[in-house]
Amino acid sequence: MKSRYRRFCALRGAGGIIPYVLFRILFATALLAAQDTGGVGSIQGVLLNGGPGVQVCAGARCADTGEGGRFLIVDVRAGRVRLTANGQDIGEAEARAGLETRIEVEMPKVDAVRSEITVTESAFVTPEEVKNSNYLVSRRDISKTAGSLQDVSRYVQTLPGVAIGSNDFRNDMIVRGGSPLENLFIVDNVEIPNINNFANFASAGGTISILDSELIRDVNFMTGGYPSQFTNRLSGVLQIAQREGSREKLSGRATVGYAGAGVILEGPINKGKGSWVTSARRSFLDLVTEDIGFGGVPVNYSFNTKALYDLSARDRIWVVNFTGIDNIRLGPTAKRKPDNELATLDIRYEGWRAATGFNWQRLIGDRAVGLLGFTHSDASVTTRVKDLIRFGTTGANVDDLIAHSPLVYSEDNREAETTLKYDLTAHAPVFDKIQAGGSFKMFRIRYDASQPLGNDNPFTVSRNVDTFAINQRFNAFQGAGYFQSSRNIGSRLNFTWGGRVDNYEYLSATRFSPRAGLSVRLTDRLSWRTSYGTYYQQPFFLFLAAFPVNRGLAPIRSDHYITGFTLTPSATLRMTLEAYRKDYSAYPVAIFYPTFSLANAGDTFAVRNLLFPMVSAGRGQSRGVEFFLEKRFSDKWFGQANLAFQRTRHAGLDGVLRPGSFDYPFLFNAVGGYRLTSKWELSTRISYLGGRPYTPFDERLSTEQRRGIFDLSRVNGVRAPDYFRLDFRLDRTFTVRDKPLLVWLGVQNVTNRKNFAEASWNREANRLRIGDQLGLFPLVGMDWRF
């Protein structure tokens, strides 16, 4: 939002004045940056009326203006920085990690005695090494958009080529037809295996993020073709930068929303040389009810902390921590029985996960920066599952039934990961921009899991298959190194090339992943970009450890081919058109169920249904075209809309390419908001997705065995009805004790459409059941700063 203010400056000595400055910070194309391997950004601008040869500095970094007064200051430490021109203070700008800030600075005539500064929202654009499929999301987008529930993953579901999983209750991200297991999460240079509460091992989603959206500064999301400095993942990269705490005073805020009630506190360290901020949240439904319809109430705690300190003008350190604790009970109670498969099960779940990272950033010389990172993450999951009708249906008392029913699955598993990494970004002759680095990971695994009675797998008529008992403790290691160069060739072309080497010690495998990209500025408003990359990903350790044969699995491979155009008709409007192709190979597939590929799984809490012998013989492909239109926030409104057409196919051990489980033939998403007055604001979200495929049951066999058995002649051969959801949110700002109080009311699925969730077999009633996703769901929340 534009703000204007006037400053009157006094003369300083003979002929010396504080110059008159006009900042016109262009609010233009907002694109995703590359992985923040240095914790720095860059500032590109024009010094109007300044001419060439003027030294412009941003903190400890400087650059001389060239023709037309243009300058580029690289490796600027993230945060607010003072700007000077030939030593004279001309104001400040904001550098943001991994992003490029574009500004214009207009120098007045020397006899000016009054300074007027006009500031608008900043333009943060992608570095040249990022060619395609990248999007920047702000804290405002996440916290104020209808249907996002202050959850970064749920907002990302509205971006081009991204879809929900099988249920609105989960926040899985389906990127260009890929499994949610194929995405990477990075927060403040810390890799986190899963950023969600109620997350199992070998899964990537959950019910709600453990990250507090009010601590988020920027979100960078890549849906393909990302550069070589990223740890390999097959589909997407979600990179999040948290904001600093206040360097000026102790302050706080209280929040209530879908994720629970919480408080945020922040303040300075050592008179503003650093800052700290911490958030604590707890769900509160268990305080008002014992059952919300499925036999229990989810209870979760989330804690986020960040502390940052400037040791010197060139050295900065920061520490972050993310912790989530949760538990839930699912199944029938004496008062209520769920109307789905949970009516026949008793499930007890407890889990926690935490990640802590330390980073030391050093500006090296005039054109280089190094970032040393040390991270430790740890997670634990304990689950007990009882089958209440294993020995037939019964009308016994629920408590007695639970007590005497057999335990069909149990786990008390723990995974820990420690990472040491170093990233160097430098600017040198011939290569222009160079990025290089390496990492070493150590995993400590402890599995104690069993399926003593086997599993009634729907892919076979045989009962009680895939029995196993895992009691293992082991260490594993991964090492990696990468190099990348991005160079301008002339005034309109930029070429990026590089690669990375990853060693997977547990699999006795080493892989090289080449990357390349090219961008051409066709006009000042139109550009063409293309990129290619090979990506590998190790199957999750739980899959590898479940059966001895799985130890022979290989890293999964995905090759990305992307090309597209970007058009910026105005400073706040952007349009992109992209086409992509992803080719998969070496995907784990079931040995005894030749139609099943792990590529068709991942958006489930029931990981036990995916534990069986596998071999790396699967292949697949995904193709698509995406159109994206974005209007960034101005005085009154903002919005983005996208339309994608895609086709995803995967093959099991039988080699037959079939529609993938995440093969949405088309996806349309639109979000937008409008500021009615200074106190009232509204937003809406629309999602319309083509029906995804699923495998129907063989009703004769299922009836005979009183359990679901798939019709293997029609694997993913039936499509669900199209998915449609309309969400709405209204915000009202009050003033309480001279502090702003935001109260909001929202409604998800305003039309109460019965969207398809899944087809399941009701074992108790012995009949087919079609489950629905979330119906009309009202929400209310508040945010008060104090």
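The values are calculated or read from the model by the stated rules, or taken from the named source; none is laboratory data. For clarity, every value in this text was computed on a predicted model and none was experimentally measured. Don't worry about glycine lacking a Cβ; one is built from the backbone with ideal geometry, like all the others, and counts go over all protein chains shown. The area values use the complete protein model at the heavy-atom level, side chains included, leaving out ligands, DNA and RNA. Shrake-Rupley method; radii C 1.70, N 1.55, O 1.52, S 1.80 Å.
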May I ask you to say which residue of Leu657, Leu643 is farther than 30 Å from Thr572 by Cα and open to solvent by 10 Å² or more (accessible area, probe 1.4 Å)?
Leu657
Looking only at region 365-374, count every residue that is open to solvent by 10 Å² or more (accessible area, probe 1.4 Å) and in contact (Cβ under 8 Å) with a residue 60 or more places away in the chain and tell me the total.
3
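Residues checked against (1) within 30 Å of Ile103 (Cα to Cα); (2) part of a helix (DSSP H, G or I); (3) of a type in the set (Val, Ile, Thr):
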site: Asn550; (1), (2), (3): no, yes, no
site: Pro569; (1), (2), (3): yes, no, no
site: Lys582; (1), (2), (3): no, no, no
site: Pro588; (1), (2), (3): no, no, no
site: Gly620; (1), (2), (3): no, no, no
site: Phe638; (1), (2), (3): yes, no, no
Check whether at least one residue in region 195-216 is of a type in the set (Asp, Glu) and either closer than 23 Å to Arg282 by Cα or surrounded by 24 or more Cβ atoms within 10 Å (Cβ to Cβ) (or both), and report yes or no.
yes
If you take just the strands (runs of 3 or more DSSP E) that sit entirely in region 278-390, which of them hold at least 1 residues that are touching a Pro at 6+ places or on another chain (Cβ under 9 Å) and closer than 22 Å to Gly438 by Cα?
345-364, 368-387
Condition met for Val615 (open to solvent by 50 Å² or more (accessible area, probe 1.4 Å), at negative phi and in a strand (DSSP E or B)):
yes
One residue is enough: does region 61-78 have a residue meeting the conditions open to solvent by less than 30 Å² (accessible area, probe 1.4 Å), at pLDDT below 80, in contact with a strand residue (DSSP E or B) (Cβ under 6 Å, 6 or more places away or on another chain) and aromatic (Phe, Trp, Tyr)?
no
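From the list Arg348, Arg384, Arg362, pick out the single residue that is under 30 Å from Ala60 (Cα atoms), among the charged types (D, E, K, R), in contact with a strand residue (DSSP E or B) (Cβ under 7 Å, 6 or more places away or on another chain) and open to solvent by 30 Å² or more (accessible area, probe 1.4 Å). First the steps, then the outcome.
On the way: Arg348 fails: under 30 Å from Ala60 (Cα atoms); Arg384 fails: under 30 Å from Ala60 (Cα atoms).
Matching residue, one of Arg348, Arg384, Arg362: Arg362.
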Kindly indicate the residue of region 217-253 that is among the charged types (D, E, K, R) and either at pLDDT 90 or above or at positive phi (or both) and also surrounded by the most Cβ atoms within 10 Å (Cβ to Cβ) among those meeting that condition.
Arg233
Run Val750 past the list (1) open to solvent by 30 Å² or more (accessible area, probe 1.4 Å); (2) under 18 Å from Gln157 (Cα atoms) and report the number of the one that doesn't hold.
(2)
A careful count of residues in region 306-321 that are farther than 16 Å from Pro268 by Cα and acidic (Asp, Glu) gives 1
From Phe605, Phe592, Phe666, residue being in contact (Cβ under 8 Å) with a residue 12 or more places away in the chain, in contact with a Pro (Cβ under 8 Å, 6 or more places away or on another chain) and either open to solvent by 20 Å² or more (accessible area, probe 1.4 Å) or among the acidic types (Asp, Glu) (or both)
Phe592
In the set Arg414, Arg314, Arg336, the lone residue that is of a type in the set (Lys, Arg), under 29 Å from the mean Cα position of the chain (by Cα) and surrounded by fewer than 19 Cβ atoms within 10 Å (Cβ to Cβ) is Arg414
Within region 695-747, which residues are without any contact (Cβ under 8 Å) to a residue 12 or more places away in the chain and among the acidic types (Asp, Glu)?
Glu704, Asp738
Lone unmet requirement of (1) open to solvent by 10 Å² or more (accessible area, probe 1.4 Å); (2) modelled with pLDDT under 75; (3) in a loop (DSSP other than H, G, I, E, B) for Phe169:
(2)
Failed item, numbered, when Glu578 is tested on (1) modelled with pLDDT under 95; (2) under 28 Å from Arg139 (Cα atoms):
(1)
Can you find even one residue in region 528-548 that is in a loop (DSSP other than H, G, I, E, B) and open to solvent by 70 Å² or more (accessible area, probe 1.4 Å)?
no
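Rundown of residues vs (1) within 27 Å of Ala163 (Cα to Cα); (2) open to solvent by less than 50 Å² (accessible area, probe 1.4 Å); (3) part of a loop (DSSP other than H, G, I, E, B), yes/no style:
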position	(1), (2), (3)
Gly673	yes, yes, no
Ser678	no, no, yes
Tyr688	yes, no, no
Arg700	no, no, no
Glu704	no, no, no
Tally, over region 370-421, of residues that are of a type in the set (S, T, N, Q) and within 19 Å of Tyr349 (Cβ to Cβ)
6
Only unsatisfied item for Phe638, checking (1) in contact with an Asp or Glu (Cβ under 9 Å, 6 or more places away or on another chain); (2) within 23 Å of Ile174 (Cα to Cα), is (2)
Taking region 254-267, which residues are open to solvent by less than 20 Å² (accessible area, probe 1.4 Å) and either in contact with a Cys (Cβ under 7 Å, 6 or more places away or on another chain) or not in a strand (DSSP E or B) (or both)?
Ala259
When the residues of region 268-286 are filtered to those that are open to solvent by 30 Å² or more (accessible area, probe 1.4 Å) and within 19 Å of Thr207 (Cα to Cα), which remaining residue is farthest from the chain's Cα centre (by Cα)?
Asp286
Among (1) farther than 24 Å from Phe374 by Cα; (2) assigned to a loop (DSSP other than H, G, I, E, B); (3) touching a Leu at 6+ places or on another chain (Cβ under 6 Å); (4) not basic (Lys, Arg), Leu136 falls short only on (2)
